[in-house]
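Read the structure below first, then the notes.
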Amino acid sequence: MSLRAVILVGGQGTRLRPLTDTTRKDMLPLVDRPLLSYTLEHLARHGVEEAVISCGYLPDQIEEAFGGGHSGVTLEYAVEETPLGTGGAIGFAARGLDRSFFALNGDSLREADLDQLVAFHRTTGAKATILLTPVADPSRYGLVRTAADGRVETFLEKPRPEEIDTDLINAGLYVLEPEVLELIPPDRAVSIEREVFPRLAADGAVYGIALPGYWLDVGTPESYLQAHRDVLERVFATEVGDALGADFTLVDPTAEVDPGARLVPPVYVGPRAVVEPGARLGSLAVLGAGSRLAAGSVVENAVVGSGATVGRGCSVIGSIVGDDAQIGSECALHNLAVVGPGASIGAGNFIDHGLRIGAGQSIPDRALRFS
Ligand code: GDD
Ligand code: MG
């Protein structure tokens, strides 16, 4: 039987500024489509037909892009008057549901066998089952200690360093029984991680399981680039990966790649994008729709957003150029440089060491240098 899903998309995405100044985090492009598309694709692959997008503030950009459905999933929108927290939001969006459902964070990327997760949930008789994933540093996540049979002993959101004794964390996807909704008071903000899961753990009613697959929290420029690399390298199953095919190259038929330019796979060139002679794109590069890479420029392990221009003789390496940004000639963007959407960078600038240029900001010629 198909389970419904509640997808939480309330957060602000501050660590991805300035990219999130104009686009909400879950709608930032990942290769050729919004981040959230991957979540819907994943749910659809596991038989989810209906989802509620649970929003702490107006979901304009999501509704504009996805409307009443996307990737074969019918969508409804539940908009809170004021943000209700992760638990309150689930309570608000899932009210009236009378059977098991998925609830998940919309700001991470994952691939896991959800059918297996539901099967495990059924065998334990849990009220809630949490998908777990190992991470190198659990401090920014929900640490989950389990017994050998998967019963959650402790759920500890944002553990202190001395509390970290496992690498397993909450991957932000749950199977919940409707009874869980009874633990969520309707009239105030409630955190599922800080209130509901600890309480269920005390009752032995929540289980967790780590399944093989993929998981990434896309919260920083570094992880945003990592997400691009993983999709382009086909590390996990995606529609984009399928379209890239065996040669790991996807060039939209409306793009213009000069015969004197070089594409190094994995590489993606979006609709109407232009790559001029002597330019090199790749490996691990994305050139968004309608953007232009001028002669002699190099873009490697980097993302150039839609409608952006990279001038002649530039090098963009390990960095991100936001939508509609203009990069003048002979610039170098290295080591996690981020140029905000609509920014305009004059010629001969060196942007390095994670420097971020704000959305719409203008930098004169030869103003920034790193020696
Ligand atoms: N509708 C709604 N209303 N959604 C919300 C609200 C709210 O008031 N507050 C947060 N959200 C959404 C966020 O947009 C995000 O998709 C999800 O709920 C989780 O909130 P975050 O603010 O991103 O939490 P986090 O990243 O610090 O931690 C969470 O995710 C980790 C995995 O990425 C927790 O669930 C951790 O336990 C987990 O390990
Ligand atoms: Mg998050």
Could you work out the relative contact order of segment 202-344, using alpha carbon pairs under 8 angstrom and six or more residues apart, expressed as a whole percent?
-> 14
Rule-of-thumb Rg ratio for the chain [Cα; 2.2 N^0.38 Å; N residues] = 1.05
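Where does the charge balance sit around Pro138 when Lys and Arg score +1, Asp and Glu -1, over other residues with C-beta under 14 Å from its C-beta?
Result for the neighbourhood of Pro138: -4.
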Which residue, chosen from Ala273, Ala302, Asn335, occupies the Cα position most advanced towards the positive end of the dipole of segment 245-363, where the dipole is computed from +1 (Lys, Arg) and -1 (Asp, Glu) charges on Cβ about the Cα centre?
-> Asn335
Segment Asp258-Tyr57, extension gain: residue separation times 0.36 nm, minus the distance between their alpha carbons | 68.0 nm
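Between Thr154 and Thr220, what length in nm is gained on full extension when 0.36 nm per residue of separation is reduced by their alpha carbon distance?
Working: separation 66, 0.36 × 66 = 23.76 nm, distance 2.77 nm.
Between Thr154 and Thr220, full extension yields 21.0 nm more.
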Local electrostatic count at Arg95 - Lys and Arg +1, Asp and Glu -1, tallied over other residues with Cβ under 14 Å | -4
Honestly segment 195-237 on the Cα gyration tensor test (a ≥ b ≥ c root eigenvalues; a/c under 1.5 rounded, otherwise a/b vs b/c for prolate or oblate) is just oblate
Extension reserve of the Val235-Arg95 stretch, reckoned as 0.36 nm per residue once the Cα distance is removed | 46.7 nm
Which whole-number percent gives the relative contact order of segment 4-217, counting Cα pairs below 8 Å spaced six or more residues apart?
-> 24
Degrees separating the helix 221-232 axis from the principal Cα axis of the chain, which is the longest one = 90
Gyration tensor on Cα atoms of segment 4-217, a ≥ b ≥ c root eigenvalues, a/c under 1.5 rounded, else prolate if a/b beats b/c, else oblate, says rounded
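If you take every DSSP beta bridge fully contained in segment 1-86, what fraction is antiparallel? Give it as a percent rounded to 5.
30
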Return the long-range amide H neighbours of Thr309 (sequence gap of 5 or more, or a different chain), with a cut-off of under 5 Å between placed amide H atoms.
-> Arg292, Ala325, Gln326, Ile327
Taking a ≥ b ≥ c as the square roots of the eigenvalues of the Cα gyration tensor of segment 245-363, is the shape rounded (a/c under 1.5), prolate (a/b larger than b/c) or oblate?
-> prolate
Percentage relative contact order, the chain, counting C-alpha pairs under 8 Å, at least six apart | 12
In terms of the charge dipole of segment 4-217, which places +1 on Lys and Arg and -1 on Asp and Glu at the beta carbon, the residue among Thr133, Gly85, Phe102 farthest towards the positive end is Thr133
Neighbourhood charge, 11 Å Cβ-Cβ cut-off, centred on Arg17 and excluding it, Lys, Arg +1 and Asp, Glu -1 | +2
Paramagnetic label zone (point 7 Å from Cα along Cα-to-C-beta, Arg17; backbone N under 19 Å) in segment 221-248 = 221-224
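What does the charge dipole of the chain about its Cα centre add up to, to the nearest 20 debye, if the Cβ of each Lys and Arg holds +1 and the Cβ of each Asp and Glu holds -1?
For this selection, approximately 700 debye.
Quick note: the coordinates plus some simple rules give every number you see, no bench work behind them. Predicted model only: the values in this text are computed from it and were never measured. Note that we place each Cβ from the backbone using ideal geometry, even for glycine, and neighbour counts take in every protein chain shown.
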